[in-house]
């Protein structure tokens, strides 16, 4: 009888304390998902790489601005689109619109290789067909290969970005190689800078672009925001 009088109050106390213990349990919150969309803006002056008639090497050829949107898919594919107005010396202008699809190969924890293919269209003062219509508007394809090495949480060396580009219906071979660095301000914002050198061969019978020749040198800076 005495034992029963002691056990009964203990049972009541334990039943009252049970919700309190349950309320103190820690619920793990899953980490936020990584951003999949990125918008960017880039600007660059471009300088002539070689002497070309009245154009001297090192003089300003044009300035361009590039607006881009890209999306990282769950299966390592990445797609994107950009529009680029280019304002040439002498008051002319040329415009580009391009869409691309690539695949990210993570070869190591730090190094990523990304091949991609693009389909685009360029119009206005293109200068692509010198011996016919100088302002020919053309559709083109482009092949890219990018290699990026993550140096730290904030710094990435964009070791190389290679491009081969050509029009579908005429000669407009414009390979380019570039290298640069990216600084990640935080998980969603980054700034970058790169330098590039391009070559050109077009549908013309006059030098220097009747064969593949140096075309432009550029220094670009840009900003990217992911969400």
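The values are calculated or read from the model by the stated rules, or taken from the named source; none is laboratory data. Remember, it's a predicted structure, so these values are computed and weren't measured experimentally. Here the Cβ is made from the backbone with ideal geometry for all residues, glycine too, and neighbour counts use every protein chain on show.
This table checks each residue for (1) surrounded by 14 or more Cβ atoms within 10 Å (Cβ to Cβ); (2) part of a strand (DSSP E or B); (3) more than 24 Å from the chain's Cα centre (by Cα).
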site: 70; (1), (2), (3): yes, yes, no
site: 81; (1), (2), (3): yes, yes, no
site: 90; (1), (2), (3): no, no, yes
site: 117; (1), (2), (3): no, yes, no
site: 122; (1), (2), (3): yes, yes, no
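Can you pull out the residues in region 74-101 that are in contact with a strand residue (DSSP E or B) (Cβ under 7 Å, 6 or more places away or on another chain) and over 22 Å from residue 195 (Cβ atoms)?
Narrowing region 74-101 to residues in contact with a strand residue (DSSP E or B) (Cβ under 7 Å, 6 or more places away or on another chain): 76-89, 93-101.
Selection gives 76, 77, 78, 79, 81, 83, 93, 95, 97, 99, 101.
Suppose we filter region 179-197 for residues that are within 30 Å of residue 213 (Cα to Cα) and within 14 Å of the chain's Cα centre (by Cα); how many remain?
7
So is residue 166 assigned to a strand (DSSP E or B), in contact with a strand residue (DSSP E or B) (Cβ under 7 Å, 6 or more places away or on another chain) and farther than 23 Å from residue 36 by Cα or not? Give the derivation first.
Values: assigned to a strand (DSSP E or B): yes; in contact with a strand residue (DSSP E or B) (Cβ under 7 Å, 6 or more places away or on another chain): yes; farther than 23 Å from residue 36 by Cα: yes.
Criteria met by residue 166.
Give the residue that is nearest to residue 204 (Cα to Cα), with candidates limited to residues of region 48-68 that are in a strand (DSSP E or B) and over 22 Å from the mean Cα position of the chain (by Cα). Even if it seems obvious, please write down each step before you answer.
As a first pass, look at region 48-68 and keep what is in a strand (DSSP E or B): 48, 52, 55, 60-68.
Checking which are over 22 Å from the mean Cα position of the chain (by Cα) leaves us with 48, 52, 55, 60-61.
Working: 48: 18, 52: 14, 55: 17, 60: 23, 61: 19 Å.
Only one residue tops the list, namely 52.
Among the residues of region 203-227, how many are surrounded by fewer than 16 Cβ atoms within 10 Å (Cβ to Cβ) and modelled with pLDDT under 90?
Final tally of qualifying residues: 3.
Show the residue pairs that are 6+ apart or on different chains and have beta-carbon atoms under 6 Å apart, the first residue being within region 178-190 and on the phi < 0 side of the Ramachandran plot, the second being exposed (fewer than 14 other Cβ atoms within 10 Å of the Cβ) and part of a strand (DSSP E or B).
Correct list of pairs: 183/191.
Among the residues of region 124-134, is any within 23 Å of residue 45 (Cα to Cα) and assigned to a strand (DSSP E or B)? Walk me through how you get there before you give the answer.
The initial filter retains those residues of region 124-134 that are within 23 Å of residue 45 (Cα to Cα), namely 124-128, 134.
Keeping just the survivors that are assigned to a strand (DSSP E or B) gives 124.
So far as region 124-134 goes, yes, one or more of its residues are within 23 Å of residue 45 (Cα to Cα) and assigned to a strand (DSSP E or B).
Can you find a residue that is out of contact with any helix residue (DSSP H, G or I) (no Cβ under 7 Å at 6 or more places or on another chain), in a loop (DSSP other than H, G, I, E, B) and at pLDDT 95 or above anywhere in region 189-201? Give the steps one after another, and end with the answer.
The initial filter retains those residues of region 189-201 that are out of contact with any helix residue (DSSP H, G or I) (no Cβ under 7 Å at 6 or more places or on another chain), namely 189-201.
Filter once more, so that each one left must be in a loop (DSSP other than H, G, I, E, B): none.
There is no residue in region 189-201 that is out of contact with any helix residue (DSSP H, G or I) (no Cβ under 7 Å at 6 or more places or on another chain), in a loop (DSSP other than H, G, I, E, B) and at pLDDT 95 or above.
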